Amino acid sequence: MTASRGLADPRDLRLSVVIIVFNLEPYIGQAIDSVLAQTRPADEIIVVDDCSTDRSADVVAAYGSNVRYLRMPKNSGALLAALHGVKAAGGDVVCMLDGDDYWAANKLAVVERAFSADPALMLLSHDHRRVDAKGIELPIRDETHRNIAAIRRRAISAGDLSNRLKDAILDQTGYWLGSAYSFRRSCFDIPKFERQIAEFGLDEVQPTYLDLVVAPFLVLTNPSRRVGYTPDTHFLYRVHDKGSLAGNLTPEKALHSACKGRRTHALIDFILRSNGASPAQLRRRELLLQEYDFLAALYSGKIGKAATLYARLARRHWKTRELVKETGRMIAVRVLGPARFLKLKG
């Protein structure tokens, strides 16, 4: 199978797939295979390599002309690598895929149907399932599953559903992005986005998560467009030792993760402030930043600072489920110490 559709009906949407890879030699082949196996073939597949030092490039090269391979001039992080791929994409709709995940075979058919049916649709997401490094499904129901179920249950119209999904993106309460989301390329004002992240500082951008930044920008700069969600397809989110949910088994790793998360939220905060987010959305983002300050203080042994932040977040931010979880974390770290807690937790 090739990535080309040949002579397609000119009324059809062109779908570009952008895959991001950095040192994912064991997994990148399955990601590409899942795109090539789609019931609705991609119009182009672009793999952006963020300067891998393993054999990821060799794996991609084996696919020949089915894949367009782009290598970053230097290791720049997921956000800038993704942006490089999006700028190179020629499709009407861009579908993002992380190089360690893979799609159900009907993914692109569902995406094409949704965007063709609704010209106002700007961004679409769908379900996900977690698998381990070997691809064995894990029976995990996470906060995103719960939030989407609640939104779909409460929405009274397509417009109301879109507004609730937009709020979930801006408030980060649970709307899966990453390998689930696709967007209409004409809605992405790339020059404006590049100016804003440059103003924030490109050195600060390097460790940030791409999807968490792009989606709020799209929502705020396209207020009349709709956001959607479909249960009709899914992707497989791989949990492995190099992934974003790999687990922080030492205080050093936990602190690094907290720093990366805080920097991502700081950039989102900048994007929100630059594009007219509401005061309520900015207040929530401030509390999300303080969550990372709480974790950093806790894992670095600054218990007094952690206790102050805990009290503030417990009063103003955490709901029951989060409060129970963070209370348990706080007590366990104080009793066991950060290193022992993280070892037992992992």
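Any read-out appearing in this document is the output of simple, stated calculations on the displayed coordinates, not a laboratory observation. The shown structure was predicted, so the numbers you read here are calculated from the model rather than taken from an experiment. Don't worry about glycine lacking a Cβ; one is built from the backbone with ideal geometry, like all the others, and counts go over all protein chains shown.
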Sorting check: for 79-85, 334-340, which peptide has the highest mean count of neighbouring beta carbons within 10 Å, and how do the rest follow?
79-85, 334-340
For region 48-127 the trypsin sites (Lys or Arg not before Pro) that pass both the DSSP coil test and the at-most-14 other-Cβ-within-10 Å test are Arg55, Lys74
Apply the a/c threshold of 1.5 to the C-alpha gyration tensor of region 1-152 and tell me whether it is rounded, prolate or oblate.
oblate
How long, wide and thick is region 53-143, going by the Cα atoms along their three principal axes, in whole angstroms, largest first?
39, 36, 25
Would you kindly state how much longer the chain becomes between Ala61 and Arg146 on full extension, computed as 0.36 nm times their sequence separation minus their alpha carbon distance, in nm to one decimal?
26.6 nm
Looking at region 136-170, which trypsin sites (Lys or Arg not before Pro) are in a loop (DSSP not H, G, I, E or B) and have at most 11 other Cβ atoms within 10 Å?
Arg141
If I model a spin label as a point 7 Å beyond the Cα along the Cα-Cβ vector, how far apart are those points for Thr320 and Lys134 in nm?
3.9
Expected sort for Met330, Met96 with the fewest Cβ neighbours (10 Å cutoff) up front is Met330, Met96
Would you please calculate the Kirkwood hydrodynamic radius of the chain over all C-alpha pairs and express it in Å, rounded to one decimal?
21.1
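Could you size up the charge dipole of the chain around its Cα centre, putting +1 on the beta carbon of Lys and Arg and -1 on that of Asp and Glu, and report it in debye to the nearest 20?
1420
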Of the residues Pro26, Ile151, His126, the Cα lying farthest along the dipole of region 15-238 towards its positive end, which is defined by charges on the beta carbon of Lys, Arg, Asp and Glu, belongs to Ile151
Can you give the calculated 222 nm mean residue ellipticity of the chain, where each DSSP H run of n ≥ 4 adds -39,500 (n - 2.57) and the sum is split over every residue, rounded to the nearest 500 deg cm²/dmol?
-16000 deg cm²/dmol
Does region 113-199 come out rounded, prolate or oblate by the C-alpha gyration tensor, with a ≥ b ≥ c the root eigenvalues, rounded set by a/c under 1.5 and, if not, prolate when a/b is larger than b/c and oblate if not?
oblate
From the phi angles alone, apply the Karplus equation (6.51, -1.76, 1.60; θ = phi - 60°) to region 23-36 and give each ³J(HN,Hα) in whole Hz, x where the residue is Gly or Pro.
6, 10, 3, x, 10, 4, x, 5, 4, 5, 4, 5, 6, 5
Links exceeding 19 Å between C-alpha atoms in this model, out of Lys253/Lys343; Lys253/Lys302; Lys87/Lys192; Lys253/Lys345; Lys87/Lys260, come to Lys87/Lys260
Hey, got the dipole for region 251-345? About the Cα centre, +1 on K and R Cβ, -1 on D and E Cβ, debye to the nearest 20?
180
With the cut-off at 1.5 for a/c, could you classify region 252-346 from its C-alpha gyration tensor as rounded, prolate or oblate?
prolate
Set of aspartates and glutamates with alpha-carbon distance to Lys166 below 16 Å, sequence-local pairs under 8 removed:
Asp211, Asp269
